Amino acid sequence: MTAWVRTLSELDLLWTRRQLRAHVVWLVSLALLLVLAATVPRQALESLRFTLESLLWIAPFLALSVGTAAWLKAAGADSLIAGVVSRAPVIAIAFAALLGAFSPFCSCGVVPLVAALLAAGVPLPAVMAFWVASPIMDPEMFLLTLPVLGLDFALAKTASALLLGSLAGFATLGLQRFGLFRQVLRDGVGGGCATSRLRQGPQVQWAVWREPQRRAQFGREALRVGLFLAKWLTLAFLIESLMVAWLPADMVAASVGGDRPWAIALAATVGAPAYVNGYAAIPLAGELINAGMVPGAALAFMLAGGMTSIPAAMAVWAVAQRGVFFWYLLIVFAGAMLAGYSYQGLVLLRAGGAL
C-alpha cells in the first residue's frame with residue numbers, strides 16, 4: 001500500500017512539474033507585468049496596450065498559419081508536401097526566397113507561418129530561405145524607401161533579401177546532406193523532422209470535416225500549436241514594448257554611426273539584438289547617412305534589425321530546436337555583414353574609391 005501511495009505521489013509531482021513547465025512562459029509574462037505595475041505603473045499600462053495591439057495585429061496571420069498547419073496535418077498531406085518540395089529543392093529554395101522578399105511579414109510575424117510550414121512537412125532549406133528573406137523587404141517598404149534613401153539603396157535591400165534568402169536555403173541544404181538539422185521543431189509545436197525524408201502518414205483526405213477523427217485531430221492540433229505560439233509571442237511583445245520605451249532606435253543607431261573602419265561590423269552586431277521597426281528605420285537611416293554613417297553600415301544595421309532582434313529571437317527559440325536557432329542567428333549576422341560590405345564596396349567603386 002505504501003509503495004502505491006509513493007508511486008501516486010511521484011506521478012502527481014511529475015504531472016505538476018510538467019504543468020508548471022507548460023505554463024512557465026505565461027507566468028513570466030504575468031510576473032513581468034506585476035513588477036512593472038508595482039514599480040512603473042505608466043509603463044505597465046503602455047506595455048499591456050502595446051502587447052494587446054501587437055497580438056491583435058498578428059492574430060490573422062497566427063490564425064491562418066495555425067489553421068493551415070492543423071488542416072494539412074489532419075488531412076495527412078504533410079508527407080505529400082514534403083515529397084513535392086524535396087524532389088526539386090533548388091527550385092523550391094529560389095521560389096521561397098522570391099516569395100519571402102515580397103511578403104509583408106516582420107521578424108516576429110513570420111514565425112507562426114514558419115512553424116506552420118515546418119509542421120506541414122516543408123523541408124527546412126526552403127523554409128529557411130523564406131524565413132530570412134521575408135522580414136527584409138516587401139513592396140510597401142520598397143516604395144517608402146525610394147524617396148528617403150534612394151533607388152540604389154532600395155534595390156540593394158531588395159537584392160539582399162533575395163540573395164541572403166537563397167544563400168540561407170542552399171547553405172542549410174548542404175548541411176542537411178551532412179546529417180545536420182534532422183530534428184527542426186521543438187516538442188509541442190506540432191513538428192516532426194521536416195527534412196527531405198518523407199514521413200509515412202494516412203491517406204490524404206482534404207475534406208477533413210467529413211470524418212470525426214480528422215475533425216478532432218484538426219481541433220487538437222490547432223489548439224495546441226496556437227496556444228504554444230501565443231504564449232511566446234505575448235512574452236516577446238512585452239519585452240519589445242520595453243525595448244521601444246527604454247532603448248529608442250535613434251539612440252541605438254547613433255551608436256554605430258560614422259565612417260569608422262569597423263562601422264559595418266559594429267552595425268550588424270548592434271542591429272542583430274536591437275529592435276528596429278523596418279518602417280521606422282527608413283527615415284532614421286536617412287538621417288544617419290546624412291550625418292556621416294556610411295551606406296553599407298546603414299544597410300547592415302537595417303538588415304540585422306529587420307531579420308532578428310531579442311523579441312524575434314525569443315519567438316524563434318520557442319519553435320525551433322537549439323541547433324536551428326543558432327544557425328539562424330549565424331546566418332542573420334553573417335548575411336547582414338556580407339550585404340553591408342558588398343554594398344559599401346559598390347558605393348566606393350562607383351565613387352572611384354577603394355575598400
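Give me Ile91, Ile264 sorted ascending by neighbouring Cβ count inside 10 Å, so fewest comes first. Ordered by Cβ neighbours within 10 Å, fewest first: Ile91, Ile264. Full extension of the chain between Ala88 and Leu180 yields a length gain of 31.2 nm, computed as 0.36 nm times the residue separation minus the alpha carbon distance.
Each value in this text was obtained by applying a stated rule to the coordinates, not by laboratory testing. Keep in mind that what you see is a predicted model, and the values were worked out from it rather than measured. Quick reminder, even Gly has a Cβ in these numbers, built from the backbone with ideal geometry, and neighbours come from all protein chains shown.
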